[in-house]
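One structure below.
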Amino acid sequence: MGAEGTFRTTAPRVAINAVGRRLPDRPRPLAHLPELAGLDEAERLTCRGLGIDTVAVDDGLTAVGLAERAARDALDTAGIPAAALGALILVEPRAPRP
């Protein structure tokens, strides 16, 4: 219900034409991540217990840089100009940030 007391009778249109993902090329053993040192013991145990042995890393790229590359790949695949987007969904990384 809007501020004027009206109801929306139709749902907004949503479409997914392409999905992009970009992962760094270099795997690093989880135990070698420097971010683990900043965690308390319970967090380290949780991190080690997730069943993840290696993570892809690129010390020169941030999550935003990876997301940008993934978005560009998806737009290229779909043949859609960036100006036509109504929204962009970014899934945050699971690894702790330094």
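When only residues in the stretch 34-87 that are within 15 Å of residue 17 (Cα to Cα), among the aliphatic types (A, V, I, L, M) and at pLDDT below 85 count, which is farthest from the chain's Cα centre (by Cα)? Across the stretch 34-87, the extreme among qualifying residues is 85.
Output the residue which, of all residues in the stretch 21-51 that are among the basic types (Lys, Arg) and outside any strand (DSSP E or B), is most open to solvent (accessible area, probe 1.4 Å). Here the answer is 21.
Residues in the stretch 52-71 that are in a helix (DSSP H, G or I), open to solvent by less than 30 Å² (accessible area, probe 1.4 Å) and in contact (Cβ under 8 Å) with a residue 12 or more places away in the chain: 67, 70, 71.
The values are calculated or read from the model by the stated rules, or taken from the named source; none is laboratory data. Note that the structure is predicted; figures quoted are calculated from it, not measured. Virtual Cβ from ideal backbone geometry, glycine too; neighbours counted across all protein chains shown. Remember, those area values only see protein heavy atoms, side chains included, never the ligands or the DNA or RNA. Shrake-Rupley method; radii C 1.70, N 1.55, O 1.52, S 1.80 Å.
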